[in-house]
Every structure is written in C-alpha cells, then in structure tokens.
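Comments concern the structure below.
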Amino acid sequence: MKKVTKATIAAVAAGALLLGGAGTVARWQAQQTIDAGTVETGHLNLATGGAGVWEDISNPDAPEPFNPATQQLVPGDVVSFSQTATIDAEGKNIAGSLSVDQLDTALGALEGYVTVALQVDASAPGITEEADGTLTFAEPGTYSVPFLITVTFDEGAVGDTPPSTYDQVLDLEALTLTLDQVRA
C-alpha cells in the first residue's frame, strides 16, 4: 500500500475511535431543580354602573329631569348625562389613563350648532387629572370616577339656526370611555 493510503486509513480509524466514545474524553454534568415560586399578572378593568341620569341644565340654578326618549332639544338647550365609572387595577407599577373618544359622534346637520363635552370628576382619592385632561391613578385599587357628558345646542341669534337642524338624531351610543394602562 502506498503511504498516503495507509495514513488516510489510520486517520479515519483514529477519528472513529474518538468520535465513538472509545477515547478517554469525559465531561460531567449535574442538575438541580430550583423552586422560584410562581409569578402572577395583575389586571385593569373598567365598568360603568347603572343607566346614568339625564338632566336639562339649561338653567343651571334649576336643573330638571330630561328624558331623551320623549323630549327633544331646541336651540339654547343644555342637557347632561351623568354616570360613574369604576376602575379596578391590580399590579406592581400599574397606572392608567382614562379618556373618552368622541370621534365617532356623528353630528351631521348639527355640526357647528351642537357640542358634546366630557367632564370627569378628578376629586376621587388616588386620582389625578393631567394637563391634557386625562385621569391617572398611581396605585393598585378600586376607584369610583363620576363623569358628565354635556350636550349643548347653541342658541344663536333669531334665524341663525337653519331648518336642516330640525328633527335630527344625535347618536351618543358611539362614545367610548377608554382606560389605558401605563407604567408607573
């Protein structure tokens, strides 16, 4: 046999012995189970209670009940809808921001004559009103937050409100109260 062939056979045999475990290469390994316990997540919930209350506040000194199913707005009217939102927040470093999305309120022919506004009572313990009008809370817990939606049909001058504003429906069912979690 040629020297190259013998050398190749010897190299292959040596490699096979090493790879096959016939050599003296040894590696040890040990394992230990660690009991680190469990980790749980918190939660952030928002609910509104009851049906809410409508009032005609056109005369702020003498508010009256308002029933949107049987009464209609005329120029100069201001009505309000009040309700309470309940925030339930649990978790370390939890905070939240409460806001209302009015973009889906279709004013239609009432555009420019009717405004819809939100006021949130930030006096609840643990609640802070930020410069942009959103509410934040800084600790886990349950918070009751009263809010008021005001619908104002501007009075204008005689003849300023066109007939196109007659018999219009202002759909407030699309208002969305949103609670977003933010990191404290």
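The values are calculated or read from the model by the stated rules, or taken from the named source; none is laboratory data. Model, not experiment: these values are computed from the prediction. Counting neighbours? That spans all protein chains shown, and the Cβs are built from the backbone with ideal geometry, glycine included. What goes into the accessible areas is simple: the full protein's heavy atoms, side chains included, and nothing from ligands, DNA or RNA. Shrake-Rupley method; radii C 1.70, N 1.55, O 1.52, S 1.80 Å.
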(request) Enumerate the amide H contacts of Glu155 below 5 Å, restricted to partners 5 or more residues apart or on another chain; note that Pro and chain-start residues carry no placed amide H. (result) Gly76
(message) Take Ser144 and Thr48, extend 7 Å from each Cα along the Cα→Cβ direction, and tell me the distance between the two endpoints in nm.
(response) 1.8
(request) Would you mind checking which residues have amide H under 5 Å from Gly96's amide H? H placed 1.01 Å from N; only 5 or more apart, or other chain. (result) Phe137, Val182
(message) Quick check: Cα centre of region 117-167 to Cα centre of region 44-65, how many Å?
(response) 11
(request) Within 10 Å, count the other beta carbons around each residue, average over each peptide in 33-46, 58-71, 149-162, 84-97, and list them highest first. (result) 84-97, 149-162, 58-71, 33-46
(request) Apply the Karplus parameterisation 6.51 cos²θ - 1.76 cosθ + 1.60, with θ equal to phi minus 60°, to every residue of region 160-170 and state each ³J(HN,Hα) to the nearest whole Hz, in sequence, with x for glycine and proline. (result) 6, 9, x, x, 5, 8, 6, 6, 8, 9, 9
(request) Over region 55-184, give the accessible area per residue in Å² for a 1.4 Å probe, as an integer. (result) 59
(request) Could you calculate the contour length gain from Lys3 to Tyr166, that is, 0.36 nm times the residue separation minus the distance between their Cα atoms, to one decimal place in nm? (result) 47.8 nm
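Leaving out ligands, DNA and RNA, and with a 1.4 Å probe, what % of the accessible surface on region 72-184 is carbon or sulfur?
For region 72-184, the apolar C and S fraction of the accessible surface comes to 50 percent.
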